[in-house]
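Quick notes on the structure that follows.
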Amino acid sequence: MTTTKTVDTRRGRRDLAVLTAGLGVSIAGDAAALIALLLRLQPHGSGWVAALLAAELAPFVVLAPVVGRVVDRFETRAVLIAALLGQAVVAVPLALLDGPLPTVLLFAALASLSAFVRPATNALVPAITGPEGQQRGFARLGLGFGLGWIVGPAAGGLLTGWFGVRTTVLADAATFAVLAGTCALLTVRRRPDPSANGRDRSGGLRLLLADRVLSVAILGVAVCTGAAIVDNVAAPFRFIDQLGASDSQYGLYLTLWGVGSLAGAQVLPLLRLSHRTALAVACLTIGAGIAGIGVAPVLLLAYAAAVLGGVGNGMLNVAQSALVTARTPPERHGRAFATVGAVVQTAIGVGTAAAAPLVAWLGGGGAMLTAGLTSMAAAVTVLLLTGSA
């Protein structure tokens with residue numbers, strides 16, 4: 001019996017390492033391709049740039065009901081591999097066709113397939129780690145995600161500058177193929193329960209609303225995320241116009257946030273907090289970091305606040321996934337993760353739309369202070385309304 005447990009543990013660690021490495025490569029490719037495509041569309045005007053960003057977000061919201069049911073009704077590794085191979089195929093014409101309309105339409109198709117990848121990946125983690133190792137598993141996944149987003153934008157700028165948009169997007173197609181290949185090496189299987197799926201026709205939104213802790217917590221996450229996304233718009237005005245940062249110093253802020261996010265994802269499992277407490281602490285930390293950037297009198301203190309905000313960001317990613325996993329049955333994880341993803345993406349869209357008028361009204365610092373305090377208020381709400389979990 002002990003030998004079997006050791007083998008299973010080794011397989012779980014191997015599967016988690018494979019999934020993390022593959023995700024890191026794919027995320028880096030996605031980020032690089034997005035930078036390249038934004039540069040392709042920039043000469044065509046801001047409307048096409050906005051259309052590309054909308055094409056990235058909309059499929060996660062619109063397709064959430066379909067995605068959740070597919071992930072729950074079919075073997076999850078197979079869904080993941082099929083979606084990744086589909087992305088590799090779509091990325092080839094996306095690289096070769098230069099017009100703005102084909103670019104936006106093909107990017108929307110790419111994002112539609114991507115909408116299957118994250119719920120499927122998240123649903124595999126508890127199947128790999130078991131109930132006791134979920135935070136650790138999601139923390140490891142956060143490592144790959146964070147490294148991908150640190151490396152990807154820089155690589156996208158360099159590759160596009162050296163070789164052009166076409167080569168950069170073709171490189172992204174290769175990363176999808178790499179991730180599909182690594183997923184084929186996974187030994188874990190998350191097979192559906194046919195009898196349960198036949199009886200259970202509830203959608204992901206109903207699952208969330210049926211659980212008070214989960215619904216309040218995800219609402220708090222949405223408020224926190226929508227407020228925090230204001231940072232993306234306000235930060236250039238805050239750092240460059242108000243704190244006198246150069247372009248490279250502004251870039252360092254983005255790097256420091258990413259480094260903090262990596263650290264936060266790895267630190268959270270060591271704190272041994274309940275899932276709902278971890279979520280509240282994460283929102284509180286993000287808010288404190290963003291508000292700190294908004295009021296920092298000098299650049300060095302703004303950098304320190306950026307690291308703090310990044311730590312909260314990394315903690316939030318892990319805590320959110322662990323809470324969803326813990327409070328929904330395994331056979332419903334696909335629907336739950338797809339719906340949570342749709343809620344978060346909607347919050348990102350709302351926050352992005354609100355950011356420009358907020359910055360125009362309050363300035364970069366005032367907008368970041370307001371966003372940070374809103375995130376902190378969301379944390380307090382989660383703590384007060386969810387009770388013990």
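Key figures for this structure:
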| item | result |
| --- | --- |
| Check: the chain dipole with +1 on Lys, Arg Cβ and -1 on Asp, Glu Cβ, in debye | 1220 debye |
| Volume in Å³ per residue [convex hull over Cα atoms, computed for region 203-389] | 103 Å³ |
| Dipole magnitude (debye, nearest 20) for region 1-192, charges at Cβ of Lys, Arg, Asp, Glu | 700 debye |
| Scaled radius of gyration (Cα, divided by 2.2 N^0.38 Å) that region 1-192 gives | 1.08 |
| Value of [θ]222 nm, deg cm²/dmol, for the chain, DSSP H segments ≥ 4, -39500 (n - 2.57) each, nearest 500 | -30000 deg cm²/dmol |
| Unit charges at the beta carbon, dipole of the chain: most positive-side option, A177, V49, A31 | A177 |
| Order of D98, D211, D15, D172 - criterion: other Cβ atoms within 10 Å of each residue's Cβ, fewest first | D98, D211, D15, D172 |
| Dimensions (Å) - region 12-113, Cα atoms, principal axes, largest first | 47, 28, 19 |
| Whether region 69-161 is rounded, prolate or oblate, judged on the alpha carbon gyration tensor where a/c under 1.5 counts as rounded | oblate |
| Relative contact order (%) - region 203-389, alpha-carbon pairs under 8 angstrom, separation at least six | 42 percent |
| Which of T374, T325, T167 has the fewest Cβ neighbours within 10 Å, and the rest in rising order | T167, T374, T325 |
| Axial C-alpha extent at least 18 Å, average Kyte-Doolittle at least -1.0 - helices from the chain (DSSP) | 2-41, 46-62, 76-96, 100-129, 134-163, 165-184, 212-228, 247-271, 275-295, 299-327, 333-386 |
| Over 33 Å [Cα-Cα, the chain], rounded percent | 29 percent |
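No lab work stands behind these numbers, since they all come straight from the coordinates. Not measured: the values here are computed from a predicted model. Here the Cβ is made from the backbone with ideal geometry for all residues, glycine too, and neighbour counts use every protein chain on show.
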